[in-house]
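The values are calculated or read from the model by the stated rules, or taken from the named source; none is laboratory data. These numbers were taken from a predicted model, which means no experiment stands behind them. Every residue, glycine among them, receives a Cβ derived from its backbone with ideal geometry; neighbour counts consider all protein chains shown. Side chains are part of the model used for accessible areas, which takes the heavy atoms of the whole protein and leaves out ligands, DNA and RNA. Shrake-Rupley method; radii C 1.70, N 1.55, O 1.52, S 1.80 Å.
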Amino acid sequence: MFSFQTIFDNLPVLIGAARYTLLISVLGCAQGLLVGAVVCAGALSRRVWLRRAAALYVSFFRGVPLLIQLLVAFYLLPVIGINVPALVAAVLTVGLCAAAYLSEVLRGALNAIPRGQAEAAAAIGMAPRDLWLRILLPQALKIGLPAIINELILLVKASSLVTVVGIVEITRMSQSIASATYRPLEIYLAAAFLYLAINLVIAQAGRLLERRLAY
Amino acid sequence: MPDLLHRYGPDLLTGFGMTLFTWALGTLLGFALGFAIELLRRFGPKRLAWPIRAYVEFIRGTPFLVQLFVLYYGGPLIGLRLDALPAGVLGLTIYGSAYFTEILRAGFDAVPKGQIEAARAMGFTDGVIVRRIMVPVMMVSALPALVNFAIILTKETVILSMITVPEIMFQTQTMMSETFAFVEPILILALFFWGFVEVISRLGRRLERRFTHYLLERS
């Protein structure tokens, strides 16, 4: 018998655990944007070795499964003398991984900005710093917004993998509830629908934000 | 390290074989299922449109790991008792089908209307139009996205280790827990996967170039 009661009883705990899912994906996305901007700057640099380094970074973080990256961070950081809490390691890893994808998003968005704008800014004597902070980056963020929202949704789903380093987010919590209640079907389905709800909300918020920013 | 490799080499190799096997089978079956779903959505009865949309949204909106848990641990409660390997392949198939069907949908949408109208004007039957015009043209425009998703699936196969499918990640973790050697196995695994994905990507690009060659030449 499918027991809705089990779901209702445990839903508050699952929603409580969603805090960590959101924390990891939102912080990971923010860090991904920051690091991604740096990697993107490297990819667009005139220096060959910077371009190579950026390409290597993107290739590594996109080529190695996140699950393995998480284990690398979890087991290897202590070996080289860095002891950070699992949560910090998880956010950092998710963020570094997201940076690889977001740097490509930013690169595409920057390419979509008409070249004339940078030339015009240079012509009126704008400093490179202002050019980037006032002209290029704001527009790149706007053009890339759908892809960034998409990445955030991917991160919400990817955050389920941090169970392997022992952080009690939705998936880990549902594992322990499932083994305590012997109701895996109900609990895992509830977890799945919780993820679905979070992602639908993010997608909707993204659409609203896009409409708000459109001119 | 050489000792470790000697002792665990065979296990790692079978793990690698298992990774390749689950990936290839999951991708093929996922593509087949996705194709069937897209044909149903496009040419089947209208009342199927809504359930198909719900299926696609559900699969794409939830983590693959949770889907596997539902299937593997929740399945027995509704009489679906599967071993880890079939459950893993079925999970990959279902997961892949939702993404493949969306890629194929975009591909079908990109088939120029004029070609279909021209074929109809020349008296082609509907079946022939679909088989000889729509599907080939659709496949060419969808190929890059299909290859890209097949590459993404290589990385999803490691998640099968969480339901104890003995693929490379699972073997490595077994090795780690038996020997307490963490650094080398994980580094090797990471490097291995990096290479694996790189090789698959190159092959994919070559495949793309072969089938879309004529498009590039003209432009």
Inset, instruction - Go through (1) within 14 Å of another protein chain (Cβ to nearest Cβ); (2) over 30 Å from residue A:176 (Cβ atoms) and name the single condition residue A:21 misses. - result: (2)
Inset, instruction - Could you identify the single residue in A:137, A:133 that is more than 14 Å from chain B (Cβ to nearest Cβ) and free of Cβ contacts under 8 Å to residues at least 12 places away in the same chain? - result: A:133
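One residue is enough: does segment A:45-55 have a residue meeting the conditions among the basic types (Lys, Arg), open to solvent by 10 Å² or more (accessible area, probe 1.4 Å), over 17 Å from the mean Cα position of the chain (by Cα) and within 19 Å of residue B:201 (Cα to Cα)? Before the answer, list the steps.
Of the residues in segment A:45-55, the ones among the basic types (Lys, Arg) are A:46-47, A:51-52.
So of that shortlist, the ones also open to solvent by 10 Å² or more (accessible area, probe 1.4 Å) come out as A:46-47, A:51-52.
When the remaining residues are screened for being over 17 Å from the mean Cα position of the chain (by Cα), the result is A:46-47, A:51-52.
If we keep only those that are within 19 Å of residue B:201 (Cα to Cα) too, we end up with A:52.
Yes - at least one qualifying residue is present in segment A:45-55.
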Inset, instruction - Answer yes or no: is there a residue in segment A:22-41 that is under 30 Å from residue B:23 (Cα atoms), in contact with a Cys (Cβ under 9 Å, 6 or more places away or on another chain) and not aromatic (Phe, Trp, Tyr). - result: yes
Inset, instruction - Restricting attention to helices (runs of 4 or more DSSP H) lying wholly within segment B:97-210, give those where 3 or more residues are within 14 Å of chain A (Cβ to nearest Cβ). - result: B:135-156, B:168-179
Inset, instruction - Go through (1) open to solvent by 20 Å² or more (accessible area, probe 1.4 Å); (2) more than 12 Å from chain B (Cβ to nearest Cβ); (3) not aliphatic (A, V, I, L, M) and name the single condition residue A:36 misses. - result: (1)
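Counting just the residues of segment A:64-85 that are within 25 Å of residue B:198 (Cα to Cα) and more than 7 Å from chain B (Cβ to nearest Cβ), which one comes out most open to solvent (accessible area, probe 1.4 Å)? Step through it out loud before you land on a result.
Taking segment A:64-85 first, the residues within 25 Å of residue B:198 (Cα to Cα) are A:64-76.
Now narrow it down to the ones that are more than 7 Å from chain B (Cβ to nearest Cβ): A:66, A:69-70, A:73-74.
On the way: A:66: 24, A:69: 10, A:70: 3, A:73: 15, A:74: 73 Å².
Once the filter is applied, the top-ranked residue is A:74.
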Inset, instruction - Assess whether residue A:44 counts as being of a type in the set (A, V, I, L, M), without any contact (Cβ under 8 Å) to a residue 12 or more places away in the chain, away from chain B (no Cβ under 14 Å) and within 24 Å of residue A:140 (Cα to Cα). - result: no
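Which of the following residues is out of contact with any helix residue (DSSP H, G or I) (no Cβ under 8 Å at 6 or more places or on another chain), within 23 Å of residue A:19 (Cα to Cα) and aliphatic (A, V, I, L, M): A:201, A:164?
On the way: A:164 fails: out of contact with any helix residue (DSSP H, G or I) (no Cβ under 8 Å at 6 or more places or on another chain).
Result of the check over A:201, A:164: A:201.
Per-residue answers, yes or no, for (1) over 30 Å from residue B:8 (Cβ atoms); (2) modelled with pLDDT of 90 or more:
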residue: B:91; (1), (2): no, yes
residue: B:114; (1), (2): yes, yes
residue: B:175; (1), (2): no, no
residue: B:179; (1), (2): no, no
residue: B:196; (1), (2): no, no
residue: B:200; (1), (2): no, no
Inset, instruction - Take the residues in segment A:158-194 that are more than 7 Å from chain B (Cβ to nearest Cβ), without any contact (Cβ under 8 Å) to a residue 40 or more places away in the chain and open to solvent by 10 Å² or more (accessible area, probe 1.4 Å), then tell me which one is nearest to residue B:78 (Cα to Cα). - result: A:182
Legend entry - Qualifying positions in segment B:48-66 - open to solvent by less than 40 Å² (accessible area, probe 1.4 Å) and at the interface with chain A (Cβ under 7 Å from one of its Cβ atoms): B:61, B:62, B:63, B:65, B:66
Inset, instruction - Could you tell me whether segment A:144-152 includes any residue that is among the acidic types (Asp, Glu) and open to solvent by less than 40 Å² (accessible area, probe 1.4 Å)? - result: yes
Legend entry - Unique match (being in contact with a Phe, Trp or Tyr (Cβ under 6 Å, 6 or more places away or on another chain) and more than 8 Å from chain B (Cβ to nearest Cβ)) among A:210, A:151: A:151
Inset, instruction - Within segment B:198-214, identify whether any single residue is open to solvent by less than 10 Å² (accessible area, probe 1.4 Å) and either touching a residue at least 60 places away in the same chain (Cβ under 8 Å) or within 15 Å of residue B:19 (Cα to Cα) (or both), and answer yes or no. - result: no
Legend entry - Which numbered condition residue A:93 fails, given (1) within 14 Å of another protein chain (Cβ to nearest Cβ); (2) open to solvent by 30 Å² or more (accessible area, probe 1.4 Å): (2)
Inset, instruction - Those residues that are in a helix (DSSP H, G or I) and loosely packed, with under 12 Cβ neighbours inside 10 Å, I need them from segment A:111-129; list them, please. - result: A:111, A:112, A:115, A:116, A:119, A:123, A:128, A:129
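Residues are listed down the side, and each one gets a yes or a no for (1) closer than 20 Å to residue B:149 by Cβ; (2) surrounded by fewer than 13 Cβ atoms within 10 Å (Cβ to Cβ); (3) not polar (S, T, N, Q):
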| position | (1), (2), (3) |
| --- | --- |
| B:9 | no, yes, yes |
| B:18 | no, no, yes |
| B:26 | yes, no, yes |
| B:30 | yes, no, yes |
| B:41 | yes, no, yes |
| B:83 | no, yes, yes |
| B:89 | yes, no, yes |
